[in-house]
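Participant: Let me begin by handing over the structure; questions about it come next.
The values are calculated or read from the model by the stated rules, or taken from the named source; none is laboratory data. Keep in mind that this is a model prediction, so the values were computed, not measured. All Cβ positions, even for glycine, are placed from backbone atoms using ideal geometry, and neighbour counts span all protein chains on display. The protein model used for the area step is the full one, side chains on, heavy atoms only, and it has no ligands, DNA or RNA in it. Shrake-Rupley method; radii C 1.70, N 1.55, O 1.52, S 1.80 Å.
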Amino acid sequence: EKGGYDYFMLKEIAEQPKAVADTLLGRVDDAGRLSLDELRIPPEEVREVDKVVIVACGTAFHAGMIAKYAVEHWTRVPCEVELASEFRYRDPILGPRALVIAVSQSGETMDTLMALRHAREQGSKVLAICNTNGATIPRESDAVLYTHAGPEVAVASTKAFLTQLVACYLVALYLGQVRGTRSSDDIREQVRELSRSADGVERVLSTMEPVRELARSLASHDTVLFLGRHVGYPVALEGALKLKELAYMHAEGFAAGELKHGPIALIEEGVPVVVVVPSPRGGSVLHDKIVSNIQEIRARGARTVVVAEEGDEAVVPYADHLIRVPVTPPLLQPLVATVPLQVFACELATARGNEVDQPRNLAKSVTVE
Ligand code: M6R
């Protein structure tokens, strides 16, 4: 049932283009209108929403962090993202005009479930983004948008993450549609870009041999650091989480802009640093800033592993290892940039002799608080 792969994780990584495409299937009509028919919250109520609050754990939380950039950019509605385990213990400000989005692959994560119950008690509407039909979280929510990743067996989440991103982008566009901040042309174009990113994932998957080789060469290291900015920041966190859970290595993700506020002290000779570089197109200020960061850490001995868009030549002189990802709109880059980090973690785990699908101390769904 592993379809010829050694591990479920490898199979699930390979299934990502299909998972993304399936999650997009039939969402937009010819007129460019999104119809998220599982999203049973009346448009009048969606128009009244004055804040979006996303609650989730682990990888799903990283999807939520990325969603915040899209929700605020596309809809101008303030969006908060919070670890579900922290949420209800701090008396969050909710009420009927807050839309709470609970993101969960399994739909059974206890912390996320308790957060959504708390939100509903405070009178907020809850939308679940979930991969498991009929699970507790969607059952207890007001509305649900299912991701169509198919069953995810490996403990480390891969294809579910990519489809959570797709679902979050769709919800953000839907909010923009209902509230009139996005035109139907724009929505159609964004959905087209989302579909193209499925091909982008396919392309990335076909170029992973050097990433595997690199991973094997790092098997005896103790630490790997990850840097990113904008939507690349949660991608860095996700890359680090994958490495922790699979390779049992000390892995940390940082916002690149924070380097000088502390983390740069960790840089020493030979420490591998994976940097997720934003697109240089449109003269992006962030791109230039991150190129300076790469220079700074390299000057201090870091071994730089640079994940950069095809055609980004500015990074070439400073990359000890260069991983190319296809050009996407800046907000959608996580769909392609996460994939090499999954492959990297999986290969490192294998090289270290770890159990890839069942890492130590972890369970696929965490049903206790
Ligand atoms: O089923 P959920 O999406 O609610 O699970 C949340 C986390 O437990 C999960 O993403 C966990 O972090 C994964 N093992 C990460 O690979």
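Quick grid of which residues meet (1) within 16 Å of the ligand (Cβ to nearest atom); (2) in contact with a helix residue (DSSP H, G or I) (Cβ under 7 Å, 6 or more places away or on another chain):
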{"residue": "Leu227", "(1), (2)": "no, yes"}
{"residue": "His230", "(1), (2)": "no, yes"}
{"residue": "Val235", "(1), (2)": "yes, yes"}
{"residue": "Lys242", "(1), (2)": "yes, yes"}
{"residue": "Tyr248", "(1), (2)": "yes, no"}
{"residue": "Gly262", "(1), (2)": "no, no"}
{"residue": "Val273", "(1), (2)": "no, yes"}
{"residue": "Val276", "(1), (2)": "no, yes"}
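Participant: Sort out which residues of the range 281-318 are of a type in the set (Gly, Ala, Ser) and buried (at least 19 other Cβ atoms within 10 Å of the Cβ), and write them in order of number.
Facilitator: Ala302, Ala308
Participant: Hey, another quick one. Pick from Ile323, Ile294: which is at pLDDT 95 or above, under 21 Å from Leu205 (Cα atoms), away from the ligand (no atom under 16 Å from the Cβ) and touching a strand residue (DSSP E or B) at 6+ places or on another chain (Cβ under 6 Å)?
Facilitator: Details: Ile294 fails: under 21 Å from Leu205 (Cα atoms).
None of the other options fit; the residue is Ile323.
Participant: Here's a follow-up. Quick check on the range 349-363. Is at least one of its residues in a loop (DSSP other than H, G, I, E, B), surrounded by fewer than 16 Cβ atoms within 10 Å (Cβ to Cβ), out of contact with any Ser or Thr (no Cβ under 7 Å at 6 or more places or on another chain) and aliphatic (A, V, I, L, M)?
Facilitator: The answer is yes; a qualifying residue exists.
Participant: Looking at Leu94, Leu10, can you tell me which residue is surrounded by fewer than 22 Cβ atoms within 10 Å (Cβ to Cβ) and farther than 24 Å from Arg188 by Cα?
Facilitator: Numbers: Leu10 fails: surrounded by fewer than 22 Cβ atoms within 10 Å (Cβ to Cβ).
Testing whether each residue is surrounded by fewer than 22 Cβ atoms within 10 Å (Cβ to Cβ) and farther than 24 Å from Arg188 by Cα leaves just Leu94.
Participant: Right, Val191: on the phi < 0 side of the Ramachandran plot, modelled with pLDDT of 95 or more and open to solvent by less than 60 Å² (accessible area, probe 1.4 Å) or not? Spell out how you get there, then give the answer.
Facilitator: Working: on the phi < 0 side of the Ramachandran plot: yes; modelled with pLDDT of 95 or more: no; open to solvent by less than 60 Å² (accessible area, probe 1.4 Å): yes.
No; evaluated as a whole, the condition is false for this residue.
Participant: Which members of the range 97-116 meet the condition of being open to solvent by 10 Å² or more (accessible area, probe 1.4 Å) and within 14 Å of Gly64 (Cβ to Cβ)?
Facilitator: Passing the criteria: Leu99, Gln105, Thr109, Asp111.
Participant: Looking only at the range 29-57, filter to residues that are over 22 Å from Leu194 (Cβ atoms) and of a type in the set (D, E, K, R); which one of those is nearest to the chain's Cα centre (by Cα)?
Facilitator: Lys51
Participant: If you don't mind, there's one more thing I want to ask. Scan the range 18-44 for residues that are open to solvent by less than 10 Å² (accessible area, probe 1.4 Å) and assigned to a helix (DSSP H, G or I) and jot them down.
Facilitator: Hits for the range 18-44 are Ala19, Val20, Thr23.
Participant: Looking for something out of contact with any Gly (no Cβ under 8 Å at 6 or more places or on another chain), at pLDDT below 95 and surrounded by 24 or more Cβ atoms within 10 Å (Cβ to Cβ) - is there at least one such residue anywhere in the range 211-218?
Facilitator: Kept after step one, since they are out of contact with any Gly (no Cβ under 8 Å at 6 or more places or on another chain), are these residues of the range 211-218: 211-218.
Cutting the leftovers down to at pLDDT below 95 gives us none.
No, the range 211-218 has no match at all.
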